[in-house]
Every structure is written in C-alpha cells, then in structure tokens.
Amino acid sequence: MTLIYFILILGITVFIHELGHFLCAKKFGVYVYEFSIGMGPRLFKFKRKNDETDYCIRLFPIGGFVQMAGEEIEENSNIPKNLQLQSKKAYQRLIIMLAGVFMNFLLAIVLLFFLGLFNSVSFNNVNVTNSVVEGLNDGDKIVAINDHFVNNYDKLALEMTIASKNPFNMTVKDKNGNKKNVEITPVNVGSSGLIYGKDYGFSVSDLTVTSSNNTNIKEGFIIKKINGVDVTSYTGALELLNKVSDENLTITFLDKENLIDVSITPTTKKDKSSGYSYGFYITGTQEKGFFAAIKYAFYKFFSTLEQMIFTIFYLITGKISLSMLSGPVGIFNAVGVYAKYGFSNLVSLLCLICINVGFINVLPLPAFDGGHVLFIIIEKIRGKKVDPKVENTIHSIGFILLILLMIYVTFNDVIKLF
C-alpha cells in the first residue's frame, strides 16, 4: 500500500502542476508535443481526435513535463512560428510558466481547507506543555531558538532540526509576558523508544511496553518509576534514563493493578533509527468550523512556505547540508510513516509536497519555471528577446545539473536506509 500511496501522491502533485502549464499553453495557442506524467520509457500513450498532443504515462513516477514547441535548442521549422512558445507575448509566457506553481498552491490550500473543516485544527502551536525541563513551564510560549525568531510550528521544527543533537538556547515568554532563556539538551532516542544505542530488553510506545525479550517484562506493562522516581510522561522517562547509572537501574512497571520492580542492565546495541526528545511537548489553540478551516488553510500554507524560504537560506549559508535533503526514496519512506496514522495524514503529506514542488519550481534557476520567468524579466529589461537557442541551451544544462542533484540526494536517501 505504501507504494500505491507513493505513486498516487506524486502522481497527483505532478499531474496538477503539468495540467496548469498545459491548459494555459493550449489557451494561448502554443503547439504541445507531449503531456507526460512520469519520466523514462513510455508505458502508455494516446491521442485525442484533432489534437497534436501525445498524452503519456512513463515508467518512473518522479516527475512529468509538458513539451512545447519553441523549447528545443534547435528551432523546429515544421511548426509555424505563431504556434511556438517564444512567439507569444511576455505576459502569456509568464502565465504559462507560473500556471503549474499556481495549481500546486491552489490544490494545497483547498485540501488544507477540507482538513480544517473536518478536524479540529491548531493555531499558534508553539506553547509548551508536559515539560520536564528545569525552568521551562507549561504554558510558556516559544519565541526563539538560538536567537532565531519562531512564530509557528514549521519554523520551530526547522530550527530544532538545525540544532539537531546539540544543546541549544530556547527563548520563551511566560504567561505574564516575561522573557527568559532555557538551555535544552536533546536526548537521543533509538528504535526501541528508549535511549539510542542501548538495549534494555524491551521496547515502548510512550510509556507502554510494546515488545519484550525479558521474561519479567510483558507487553502492556506501563513504566511508573525509574530508580524510585515517579514517571508521569514519556519525556520524563527519557530524561531520567539519560541521567541514571546503567549498572544500578531499576524500573517499576504497572501490570494492571500490581507494581513490579525489575532490575535491568542495558547492553550496547547497533541502532538504525535515531531521533531526539527535548523534554517537552508543544500545543496550541484548537478551533473548528468553516471560518477556522479557511484561517487554517492560509495559516498552514504560509507557515510551510516560510519554512521552505528559510530552508533555502540555510542551505546557502551552510547551516543545512545537501545531505539533509530528501528525494524520491525519502518521500517513499515518509509516505510509509504518514500512512500509519490515517488518511488525513496522507492528505497533509500531499499538501506539503504540493507546496514544496510549487516553491522549488518558482526559484529563478535554469530548468525551473522560475528560470523561464527570469528570462522573461530580462527580456523586458533589455527591450528585446534573449536568443531562444541561448536560453534553451541554458535550461538544458540546468536540467542536467538538476538530474545530477537528484541522483546525489537519492544516493544519500539510500545510504540512510543502512
């Protein structure tokens, strides 16, 4: 099912993007050779009556294209000039090039609206809850990470990702409006749900045992104490486990109505999974209804867009490395994770990918839609068109570089699996 969801999510994202280009190209009388979903060898092709376009589905569901006359390096003399893209007015070419981005953004906003309509949605979700960090209280509002301003969950997630495993300074504002700084030390969490690189003989989800190879610990047991200290939250359990001595570790479990003490000596283990716990959760104000759904659609759209703008900025400044980017393999893994939590989460992932695709394509780089827009702007500034052969050559080189970047990112995604 993960593969099916993956194909559907990428297929919808690519289809709606290319449909925008296609409809506008047809509207302005551009000759379209092919409308293709996917890349690589053709799997399926058909033509409509009195229509020059080949409609195709290709083998690899990682992209698509609308091939228009006038985008070739060498001009096709068989196509009349008035049907070629470069013959159209600047505003028409601008609309054609931005139509794909517009369609991606529009779909994301519409889907976010329906998610908000049928679910309670959270706003301003940077308020602390269930904190076990000294000096950090429930209700405190996070306003900065390492002096980088935070105003929504997406920006918070980005800043915490950059901080990664390193301790960081978090600025919060308490209920009275007073600011204070709190030092956060992340706890590395492994696949068992406990401390990374240690084998305790059991795994947990939250505080509940999900599997065990220790005869004294059964599935369904709930962690209540660690070395005699009461445990009331998962983050609290991790904080305690990170501090106590492995040689003198006693965990008290609740088995229905009985408390059971189990002495455990963790051993070292290899762990493919790694995440971080920060000693607190976050929450926000909950709203529901038609107007809340409209508000949520635009709130989430712009917060996601803001996160992507900062991501590009941090890539340029070196705070984020290319190895942190994900390609098709990373998306496939994300689909598998999101699918476990239901249909709404898959729709949220579709929205995220749509906004990503739209944003990346609007960047003023060769081969992207924004690159074409940049040449239209240069044309208007110069007062004459850029030589189509020169422009198309630059876009072709950009496309090759894009493919190389995709290969690099995919290689990194594969390495992360092992």
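The values are calculated or read from the model by the stated rules, or taken from the named source; none is laboratory data. Because the structure is a prediction, the values reported are computed rather than measured. Virtual Cβ from ideal backbone geometry, glycine too; neighbours counted across all protein chains shown. In case anyone asks, the SASA skips ligands and DNA or RNA and just uses the protein heavy atoms, side chains included. Shrake-Rupley method; radii C 1.70, N 1.55, O 1.52, S 1.80 Å.
Tabulated values for the structure
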| read-out | value |
| --- | --- |
| Cα-Cα pairs of the range 134-193 separated by more than 18 Å (percent) | 37 percent |
| Computed Rg/Rh of the range 193-321, alpha carbon atoms with Kirkwood Rh | 1.14 |
| Added length on full extension, which subtracts the Cα-Cα distance from 0.36 nm per residue, Lys272 to Phe313 | 11.8 nm |
| CD proxy at 222 nm, helix term only [per DSSP H run n ≥ 4: -39500 (n - 2.57); per residue of the chain; nearest 500] | -14500 deg cm²/dmol |
| Solvent-accessible area per residue, Å², over the chain with all protein chains present [probe radius 1.4 Å] | 54 Å² |
| Span from the the range 266-280 Cα centroid across to the the range 122-177 one, whole angstrom | 22 Å |
| Accessible surface of the chain, 1.4 Å probe, proportion on carbon and sulfur as whole % | 61 percent |
| Gain in span if fully extended, Ser344 to Phe118, counting 0.36 nm per residue against the direct Cα distance | 80.4 nm |
| Acute angle (nearest 10 degrees) that the helix 90-118 long axis makes with the longest principal axis of the chain, alpha-carbon atoms | 30 degrees |
| Range in the chain, longest, excluding exposed GluC sites (Glu not before Pro) [loop by DSSP; at most 14 other beta-carbon atoms within 10 Å] | 258-418 |
| Spacing of the two label points (7 Å from each Cα toward its C-beta) at Ile415 and Leu259, in nm | 4.9 nm |
| Förster radius 22 Å - calculated FRET efficiency between Thr283 and Lys173, Cβ distance, rounded to 0.05 | 0.90 |
| Three-way shape call for the range 192-268 based on the alpha-carbon gyration tensor, with the a/c threshold at 1.5 | rounded |
| Mean projection area, nm², convex hull over Cα of the chain | 25.5 nm² |
| Compactness of the range 301-341, expressed as Rg and Dmax over alpha-carbon positions, Å | 12.6, 36 |
| Within the range 116-209, trypsin sites (Lys or Arg not before Pro) in DSSP loop having at most 13 other beta-carbon neighbours inside 10 Å | Lys165, Lys175 |
| Local net charge near Gly197, Cβ-Cβ under 14 Å (Lys/Arg +1, Asp/Glu -1) | +2 |
| The range 12-64: trypsin sites (Lys or Arg not before Pro) in DSSP loop, at most 13 other beta carbons within 10 Å | Arg48, Lys49 |
| Alpha carbon centroid spacing (whole Å) that separates the range 371-385 from the range 1-62 | 28 Å |
| Cα-based helix-to-principal-axis angle, 388-416 vs the chain, degrees rounded to 10 | 20 degrees |
